[in-house]
Amino acid sequence: MRVTVTVNGEQRRADDVWEGESLLFLLRERLGLPGSKNACEQGECGSCTVYLDDVPVCSCLVAAGQVQDREVRTVEGLAEGDRLDPVQEAFVEAGAVQCGFCTPGLVVAAHDLLDRVPRPSDPEIREALAGNLCRCTGYEKILDAVRLAAARR
Amino acid sequence: MSLTPAELTSSVTGGIGTSPQRPDGNLKVRGEFAYASDLWHEDMIWGSTLRSPHPYARIVSIDLTEALEVPGVYAVLTHEDVPGANLYGLEHKDQPVLAVDVVRYQGEAVALVGADHPETATRAMKRIKVEYEVLEPVVDMETAADDTPLHPGGNLVRHVPIRRGGQAPTADVVVTGRYEVGMQDQAFLGPESGLAVPAEDGGVDLYIATQWLHVDQGQVASALGMPLDKVRLTLSGVGGAFGGREDLSMQVHACMLALHTRKPVKMVYNREESFYGHVHRHPAVLHYEHGATNDGKLVYVKARIFLDGGAYASSTGAVVANAATLGVGPYEVDNVTIDCYGVYTNNPPCGAMRGFGAVQAGFAYESQMDKLADALGMDPVDVRIANAMTEGSVMPTGQVVDSAAPVAQLLKLVKDKPLPPVSTTLDLRSMPGGVSNTTHGEGVVRGIGYAVGIKNVCFSEGYDDYSTARVRVQVINGELVALAHTAACEVGQGLVTIMQQIVRTELGVQRVTILPMDTSIGNGGSTSASRQTYVTGGAVKAACAAVRDKLAKLAGGRDLSEVDLVELLGDDVVDETVEWRHRATEPLDPETGQGNAHVQYGFAAHRAVVDVDVELGLVKVVELDCAQDVGNALNPQAVLGQIQGGSAQGLGLAVMEEIQTSGGKVRNPSFTDYLIPTVLDMPPMSIDVLELADPNAPYGVRGVGEPPTISSTPAIVAAIRAATGLALTRVPVRPEHITGT
Ligand code: FES
Ligand code: FES
């Protein structure tokens, strides 16, 4: 099948997409956008989080066919040119990035949180990021990064 | 996207002792850092692995006919297609690249498919007909040595005895215990993956996520029957490791497919396959007996420790040595009798995971220290301090601890921290069970527990442990710039940042480029045993010194600090490569376990505060505080990151993480059923970092990554015991252990 979708503001098209392919596979393997990660492909880790029509979703759980004519925004679409989004900047500064495999998903999830709740409390941050696993950091510096980004926005 | 990772340049300044930003940080937050699973090549195909569904079976026949007929399939390979030696392994070459006539664990690789799409490969794999004769698996680590031999030499991989002091001591107070540690998984988030590209010279280029390029290279070349120079490895982005990438996974498989099809081959495991595709932390059964005087001084420790190595040896031998030599913990004990056994079974293979043998022993000896405190009516911290080792103490191996060992100080630091208040807000999110709304505070009991641990740093037992570094300086656009190159793997820990910091400090150059890590330079050693800052850091420092010597020669004896280096160098390039090794160690005596086997020791202590819903058996870790000596914090932010991350993995082992097996079969190979801590499970941590320099180590550093993983688990379990009054002799502690149902 053919899928036409707007990704990071650009109209994109993919041909010969298989029925069973996920949005994550479409992005990573067909559209050259491997930023969204594939840590579980089962909806358990959040590393594949993207915006679908402004709502964060696990792209591994969305069938590629379902995004026809819709809008997707991935981690690659957050920075403006060389200028990082404040959330991205805070992740680097706070030391919230080690291996970084969780980072794209966490950055999108934190970006969404701060859009909805500009000054989140710690429990609110924890709740919002509870679907994003990180194996390296123990989350302390991820919390620091979100607090820092919130303070700056 | 290019297959070769980006050179990492960063204009952020900062030498050692500061916390400059990671040079790969921007790429990572933008989603532009190329992990091994992100690689793409024109014309590439996908590789998949057919694995055994049985823990132990004879292969009667394999029929590939139908699989080869699937449109889009390029190759289906079996052991007959392994061009070189079909056995590999880190310490013993005992594991086939592809199974020949027997499979020894569920998930063992049997055949490979190369196809145009992962789905095609899956369909083809379903059409491979393997006939198995299922055999009775060996699964009990305590009896395995006397059971059906799974390998030619029997099922005992290694026995390390330790005999020190009197072997028939008596004591006023004796406590005994049997402890169990479940099988933990590294659960790195970036799955095993890589891309193999056949080269014009008949060799192969492999882009791979690993912990040790050169050992991979040697094993791949041997399996392919090729000279080393025909097998070239480049490190791709690595999504965490924690020991799980020390052994080969898809390296040989991808290369075989690439050489066979003459096409680039990408392999990416999914999460379920990842659980089968790498070794885990050894499950353990540990029998301990501690004898002490009435005032709490340890007289003796006796232990029998069993570690389940699973189907293949991997690094079991070294794990056994660690559990044995570190088996009494950071305490002074004159009389020690330890026997530690690593065995083969038909359970999943086990090998390296952060803490490496010291974790299993740590849970047992710290549980024993609490039991001893209880028997003596003493405070658990006091009994530990009464026996705490210090600089100059003697290990059970006879080795003298010859740098700082601030065990008592670390314990005092965590003990003296203010305690978190008992939650009065009734915020469900701070309750055991969280927003599942299982309690509003009724049935919730608080407990506090302590633990301290010891870990060896660097490779031990006489291993020639070194790293190679190349540093080059030149003038570009009127600016003095440096470049550093090693084969030491960056897996997330921040080695690339440390390398830049060292070059800045040593050479006063601000712009430092880190070249991609690959096998075009000499061995960098393994990213394990908390050793890279020490050993590769030492190598980079030494290479900088060699560069400085060259510059001094150019300067003709003038003091370099007074020379304009830009002018001095002009169009010249100074480029120096050095091999650097830490001080030598000795093998252990095979009868007595005596010998100066370790390079350095690291110590950390934890205090855990937990709330337990004693009716439902749910645990909320409220706070987890840590004190650790790191010798010299070259990058304080990264040091904290290691302590936080290591403590989180210890928390996972304490209350949730276990690969559950039955009859050798894994019951929970997914993140749905194998739980790792989320941000809701991790409590705030207050951390004290001591910097007591080790005079033997470059900059005085002490390995950081592993010690916090050791003490975190027993501290949390001690806290749960304090809350519940239960003995709790097994980790992870599950709700039913608390409720008794
Ligand atoms: S990859 Fe989608 S949730 Fe894990
Ligand atoms: S930084 Fe490695 S998983 Fe989060």
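Data table
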| read-out | value |
| --- | --- |
| Reach of B:Lys417 by Cα under 29 Å, taken over lysines that are not fewer than 8 positions away in the same chain | A:Lys141, B:Lys297, B:Lys371, B:Lys455, B:Lys620 |
| Length gained when the stretch B:Glu80-B:Asp172 is fully extended (0.36 nm per residue, less Cα-Cα span) | 26.7 nm |
| C-alpha center-to-center spacing [the range A:68-127, the range B:556-629] in angstrom | 31 Å |
| Phi to ³J(HN,Hα) by Karplus 6.51 cos²θ - 1.76 cosθ + 1.60 over the range B:85-93, Hz, x for Gly, Pro | 6, 8, 9, 9, x, 6, 10, 10, 7 |
| Student exercise, the range A:86-151 dipole from Lys, Arg, Asp, Glu Cβ charges, in Debye to nearest 20 | 100 debye |
| Two-decimal ratio, the range A:3-77, of alpha-carbon radius of gyration to 2.2 N^0.38 Å | 0.95 |
| Chain B: relative contact order in percent, alpha carbon pairs under 8 Å with at least 6 residues between | 17 percent |
| Charge dipole (debye, nearest 20) of the protein assembly as shown; +1 at Cβ of Lys and Arg, -1 at Cβ of Asp and Glu | 700 debye |
| Ascending count of other beta-carbon atoms within 10 Å, so fewest first, for B:Asp559, B:Asp247, B:Asp146 | B:Asp559, B:Asp146, B:Asp247 |
| Highest to lowest packing among A:37-46, B:63-72, scored as the average C-beta count within 10 Å | A:37-46, B:63-72 |
| Packing-based order for A:51-59, B:301-309, using average beta carbon neighbours within 10 Å, highest first | B:301-309, A:51-59 |
| Mean Cα-pair separation over length for chain A, i.e. relative contact order, pairs under 8 Å, 6 or more apart, % | 24 percent |
| Overall Cα dimensions of chain B, principal axis frame, Å, largest first | 76, 73, 58 |
| Extension reserve of the B:Val573-B:Glu42 stretch, reckoned as 0.36 nm per residue once the Cα distance is removed | 187.5 nm |
| Whole-number percent relative contact order across the range B:45-172, with pairs defined as alpha carbons under 8 Å at least 6 apart | 35 percent |
| Exercise: per-residue mean of other protein chain Cβ atoms within 10 Å, B:182-193 | 4 |
| Theoretical gain in end-to-end length, B:Thr4 to B:Lys129 [0.36 nm per residue, Cα-Cα removed] | 41.2 nm |
| 10 Å Cβ neighbours from other chains, averaged over peptide B:679-691 | 4 |
| Proximal lysines relative to B:Lys550, as straight alpha-carbon distance under 21 Å, when same-chain residues fewer than 8 apart are discounted | B:Lys541 |
| 29 Å Cα-Cα reach of B:Lys126 towards lysines, excluding residues that sit fewer than 8 places from it in its own chain | A:Lys37, B:Lys263, B:Lys266, B:Lys665 |
| Rounded Å value of the spacing that divides the Cα centres of the range B:413-476 and the range B:41-106 | 40 Å |
| Translational diffusion of the protein assembly as shown, µm² s⁻¹ [Kirkwood Rh, Cα pairs; Stokes-Einstein; 20 °C; 1.002 mPa s] | 77 µm²/s |
| Within 10 Å of each Cβ in B:261-272, the average number of Cβ atoms from other chains | 2 |
| Summed side-chain charge close to B:Thr577 - residues other than B:Thr577 whose Cβ falls under 13 Å, Lys, Arg +1, Asp, Glu -1 | 0 |
| Structure-based [θ]222 nm, chain B - -39500 (n - 2.57) summed over DSSP H runs of at least 4, per residue, nearest 500 | -7500 deg cm²/dmol |
| Neighbourhood charge, 12 Å Cβ-Cβ cut-off, centred on B:Glu691 and excluding it, Lys, Arg +1 and Asp, Glu -1 | -2 |
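None of the figures in this text is laboratory data; all of them are computed from the coordinates on show. Keep in mind the model is a prediction, meaning the values are calculated, not measured. Cβ atoms come from the backbone with ideal geometry, glycine included; neighbour counts cover every protein chain shown.
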